[in-house]
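**Student:** For reference, the structure I am asking about is given below.
All of the numbers you see were taken from the coordinates with simple rules; none came from a lab. Since we're looking at a predicted model, the values are computed, not measured. Cβ sites come from the backbone with ideal geometry, for glycine too, and all protein chains shown count toward neighbours.
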Amino acid sequence: MIFEGLAEKLQNTLGKLKSKGKLSEKDVKDAMREVKLALLEADVNFKVVKQFVDKVKERAVGQEVMESLTPGQHVIKIVNEELTSLMGDVQSKINFSSKPPTVIMLVGLQGAGKTTTAGKLGNYLKKQGKKPLLVACDVYRPAAIKQLKVVGGQLDIPVFEMGDKVSPVEIAKQGLAHGVDSGRDVVIIDTAGRLHIDEQLMDELVNIKSELRPHEILLVIDSMTGQDAVNVAESFNEALGIDGVILTKLDGDTRGGAALSVKAVTQKPVKFVGMGEKLNELEPFYPDRMASRILGMGDILGLIEKAQANIDENKARELEQRIRKQQFTFEDFLDQLEQVKKLGPLNKVLEMIPGMGSAKQLKDIDFDDKEIVKIQAIIQSMTRDERNNPEIINGSRRKRIAKGSGTSVQEVNRLLKQFEQTKKMMKKFADMEKGFKKGGNMK
Ligand code: GDP
């Protein structure tokens, strides 16, 4: 889980406050000492930690909180608000030019995930109806150009390149001209990274900037490198001036130091986060939702958006009809599993449900997606007839299905039983809903 260590400590500390009827000043101070340690351990910048804790303390020992009937909840609310504010309060969007194409320059050190992110960003914008062009200026990292071409090919987004013998400034210039000529409305420049920040790198980027006058310079940093990433952001911002940050590899970041400090240190917002290696795993960064996730309040809005982006609505509506008519079959079940799989690994999905991320009992359950694969294999081993009329699946058929799917008869039995129960439950829900609708309102 992202920010697991920090989330667990904060939730423990604040959970203790919640159970107290009244809070003394000492209670708050003790809790804040623990919050401070948790943040420092998460590799949050120490100045940022100090300011944060002072602010929460000042607000939390106020009269309103102390005299409140639920002072613990009040403190959690304050921590939530201050965490949100630390990360920039609102979601920062890309500045699109009123005169296309919008030029977005991606900068960053080698290995931060720049090239992957160029593809992800192109994909994200394409889904919003834009026509992006990717321009390959990373002439230093071996294979970066080829990588961008592969990514572009996968996403069906054109890639402009001139090999690695031409200067990045020239490629960027010609890339932009090509974008204009070919009617693209967003031009994403994948600039060259280096292993470390050096003068040559900055000069080159400054040249590209003055030549292209990009509408948006986004710095790509690796969140797993914690304060190093924040230092990189500070240097790039001083030398080049950036408009925002894309934090990659947040999916593997158990600490959260970079995400929590970068805005406070550089004054530049995190605009997007990378949540995995796949090209659809880039998400806009919402400070409020992130704060809620850290405090174990889940991220229902995020989950809904994920579902909307990945689930085929027509199919969902069709399915609803079938459930109502009690025609739900294993064919539909298989379809459903495909849709659920599109949401990403199950444990990531569960994390977004309030209380689930930190639920201890869930930690011991193996939510690897093998279970889904197994169920799929069982259903796929059924004939069409069997999928549509499971009641015909007798003993010998069960044996055959088990063999075909590489599972056991017990496993097949279990699935058949679960399926029957699910069907019954669905019918119940559908009937209940009908009842509500007839009654006019839900009393
Ligand atoms: P570049 O040198 O900055 O262009 O870096 P690349 O785009 O080649 O990325 C470096 C590595 O990080 C690759 O293996 C990517 O798959 C991986 N990567 C990039 N973004 C993410 C992310 O958000 N999550 C994870 N888990 N891996 C990522």
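**Student:** What length, rounded to one decimal in nm, is gained on full extension from Gln267 through to Val340, with 0.36 nm per residue of separation minus their alpha-carbon distance?
**Tutor:** Values: separation 73, 0.36 × 73 = 26.28 nm, distance 3.81 nm.
Length difference between fully extended and current span is 22.5 nm.
**Student:** Right, another one. For the range 102-293, compute the orientation-averaged projected area of the C-alpha convex hull (one quarter of its surface), in nm².
**Tutor:** Computing the convex hull of the Cα atoms and averaging its projections yields 9.8 nm².
**Student:** Viscosity 0.692 mPa s, temperature 37 °C: give me the Stokes-Einstein translational D for the chain in µm²/s, with Rh taken as the Kirkwood radius over C-alpha pairs.
**Tutor:** So the translational diffusion coefficient is about 132 µm²/s.
**Student:** Within 10 Å of each candidate Cβ there may be at most 13 other Cβ atoms; applying that plus a DSSP loop requirement, which GluC sites (Glu not before Pro) in the range 38-89 survive?
**Tutor:** Those that pass, being in a loop and sparsely packed, are Glu67.
**Student:** Suppose R0 equals 56 Å; then what is the FRET efficiency for Glu199 and Leu69 from their Cβ-Cβ distance, rounded to the nearest 0.05?
**Tutor:** That gives a FRET efficiency of 0.40.
**Student:** Based on DSSP H runs of at least 4 residues, each adding -39500 (n - 2.57), what is the mean residue ellipticity at 222 nm of the chain after dividing by all its residues, to the nearest 500 deg cm²/dmol? Mind dumping the intermediate values first?
**Tutor:** On the way: 21 runs with 256 residues, N = 443.
Result for the chain: -18000 deg cm²/dmol, rounded to the nearest 500.
**Student:** Give the long-range amide H neighbours of Asp222: residues separated by 5 or more places, or on another chain, with amide H under 5 Å away, using H modelled in the peptide plane at 1.01 Å from N.
**Tutor:** Thr248
**Student:** Using a 10 Å cut-off around each Cβ, can you sort Asp185, Asp431 from fewest to most neighbouring Cβ atoms? Walk me through the numbers before you get to the answer.
**Tutor:** On the way: Asp185 18, Asp431 11.
Ranked by crowding around the Cβ, least crowded first: Asp431, Asp185.
**Student:** I would also like to ask the following. From the residues Gly108, Gly15, Ser98, which one has its Cα farthest along the dipole of the range 1-145 in the positive direction, the dipole being from +1 and -1 charges on Cβ of Lys/Arg and Asp/Glu about the Cα centre?
**Tutor:** With unit charges placed on the Cβ atoms, the residue in question is Ser98.
**Student:** Taking 0.36 nm per residue of sequence separation and subtracting the Cα-Cα distance, how much length would be gained by fully extending the chain between Thr383 and Lys20, in nm to one decimal?
**Tutor:** Additional length available on full extension: 124.7 nm.
**Student:** Follow-up question, since we're still on this one. As a quick test, which of the pairs Lys120/Lys428; Lys271/Lys342; Lys278/Lys424; Lys131/Lys249 have an alpha carbon distance above 31 angstrom in this structure?
**Tutor:** Lys120/Lys428; Lys278/Lys424
**Student:** Note down the relative contact order for the chain as a percent, whole number, built from C-alpha pairs under 8 angstrom at least six residues apart.
**Tutor:** Computed value for the chain: 16 percent relative contact order.
**Student:** Quick one: if the Förster radius is 30 Å, what FRET efficiency do Asp228 and Lys278 give, using the C-beta to C-beta distance and rounding to 0.05?
**Tutor:** Values: r = 25 Å, r/R0 = 0.84.
Computed FRET efficiency for Asp228 and Lys278: 0.75.
**Student:** Determine the gain in length on full extension of the stretch Ser210-Gln376; use 0.36 nm per residue of separation and subtract their C-alpha separation, reporting nm with one decimal.
**Tutor:** Result for the pair: 54.3 nm of gain on full extension.
**Student:** Using 18 Å as the cut-off for backbone N distance, which residues of the range 107-128 belong to the label zone defined by a point 7 Å from the Cα of Lys146 along Cα→Cβ?
**Tutor:** Counting backbone N atoms under 18 Å from the label point, the list is 111, 115-116.
**Student:** With charges only on Cβ, +1 for K and R and -1 for D and E, what is the dipole size of the chain about its Cα centre, in debye, rounded to 20?
**Tutor:** Approximately 2000 debye in magnitude.
**Student:** Separate question: Which aspartates and glutamates does Lys36 reach when only Cα atoms under 15 Å apart count, and residues fewer than 8 places away in its own chain are ignored?
**Tutor:** Qualifying aspartates and glutamates at Cα under 15 Å: Glu8, Asp27, Asp54, Glu58, Glu82.
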